[in-house]
Amino acid sequence: MLDWNNINTVLLDMDGTLLDLHFDSYFWQKYVPQRYAFTRGLDIPTAERLLAPIFKQHEGTLNWYCLDFWTRELDLDIAELKRDVAHLIAIKPGALEFLQRLRQLGKRCVLVTNAHQDSLALKLEHTRLDNHLDEIISAHQLGLPKEDPNFWGELQKHTAYTPQLTLLIDDNLHALRTAQQFGIKHLLAACHPDSQQPKHHTDEFVSFHEFEEITPVIDSQSIPR
Ligand SMILES: [Mg+2]
C-alpha cells in the first residue's frame, strides 16, 4: 500500500493517531463541562449549552489547542484538570511496534502536533513516546496550526524534510489537505482516532484503522547497513 522505498521521513500526529483520542474527547466533552458547572453552581446540561458555542468559535485555530487560552477563557486550571484524568492517556495498539519498525528501516520519525507544550509534556510523561521518535515539534513553536496552509513550509525551517519523500499520518483531514496542497506526497488518514467511538470513513485519503495494517514487513535486505 505504501511506497516505503520512496519515503525517508514520517511525520506523525499525536492525538487520535499515535494516542487514543478518548482522553481528549472525555476531557473536553465530559470533564470540563462538569468542572465548569461545579465552579459556577450550574447543572451540567446548562454548562454544556454555554460551552458549545465557545468551543465552536475556536475550533481549528491555535487557541483551540492552547491550554493557557482555555485557562483564561473558562477560568479553570486546564493543565491541572488534565492531570486529574491522565490515567486515560493511552497509546494506540501497535503504534510503538510501528515506530520501532520504521526506525529499524532507517526512517526518520517526527511527531508534529497541534498540542500545546503542557499537554504534550503530560502525554510524553505518561507514554514515553519520546523514546521512539527522532524529533518532536509542537505547532505552538511555529505559531500556526497544521490546518494553516503556511504550516508545512514553516515546518521546514524547524526540521528539514523533502515533501516528495515524506509521509504524513494524521486523523485531521484539514491537516492532510493543507499538507497535500503544500506537496507532501504520501498521506495517510487514521480512521479510528477514538477507541470509544465508531470508525470514520474517508474516501479522500488512503486510510487505515489499525497500525498492524500499515507496519512494513521487514526482511534482512530492507535493514540499512
Ligand atoms: Mg489528531
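The values are calculated or read from the model by the stated rules, or taken from the named source; none is laboratory data. What you see is a predicted model; the values in this text were computed from it and never measured. Please note: Cβ atoms are built from the backbone with ideal geometry, for glycine as well, and neighbour counts cover all protein chains shown.
What the table below lists for this structure:
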{"quantity": "Enumerated helices (runs of 4 or more DSSP H) restricted to segment 1-93, each holding at least 1 residues that are aliphatic (A, V, I, L, M) and not assigned by TED's automatic domain parsing to the domain that holds residue 189", "calculated": "32-40, 44-58, 67-74, 78-84"}
{"quantity": "Exclusive hit being of a type in the set (D, E, K, R), in contact with a strand residue (DSSP E or B) (Cβ under 8 Å, 6 or more places away or on another chain), in the same structural domain as residue 98 (by TED's automatic domain parsing) and in contact (Cβ under 8 Å) with a residue 60 or more places away in the chain, set 171, 194", "calculated": "171"}
{"quantity": "Scan of segment 176-192 for residues that are within 13 Å of the ligand (Cβ to nearest atom) and in contact with a Gly (Cβ under 7 Å, 6 or more places away or on another chain), ordered by number", "calculated": "190"}
{"quantity": "Test result for residue 122, touching a strand residue (DSSP E or B) at 6+ places or on another chain (Cβ under 8 Å) and not in a loop (DSSP other than H, G, I, E, B)", "calculated": "no"}
{"quantity": "Residue among 195, 119, 207 that is within 16 Å of the ligand (Cβ to nearest atom) and surrounded by fewer than 19 Cβ atoms within 10 Å (Cβ to Cβ)", "calculated": "195"}
{"quantity": "From the options 215, 202, residue that is over 29 Å from residue 27 (Cα atoms) and surrounded by 12 or more Cβ atoms within 10 Å (Cβ to Cβ)", "calculated": "215"}
{"quantity": "Residue list for segment 159-212, restricted to those being of a type in the set (A, V, I, L, M, F, W, C) and assigned to a helix (DSSP H, G or I)", "calculated": "165, 173, 175, 176, 179, 182, 211"}
{"quantity": "Selected residue (criterion: nearest to the chain's Cα centre (by Cα)) from residues of segment 25-48 that are touching a residue at least 24 places away in the same chain (Cβ under 8 Å) and within 16 Å of the ligand (Cβ to nearest atom)", "calculated": "25"}
{"quantity": "Qualifying residues in segment 133-147 (those that are within 15 Å of the chain's Cα centre (by Cα) and assigned to a loop (DSSP other than H, G, I, E, B)) - the one nearest to the ligand (Cβ to nearest atom)", "calculated": "146"}
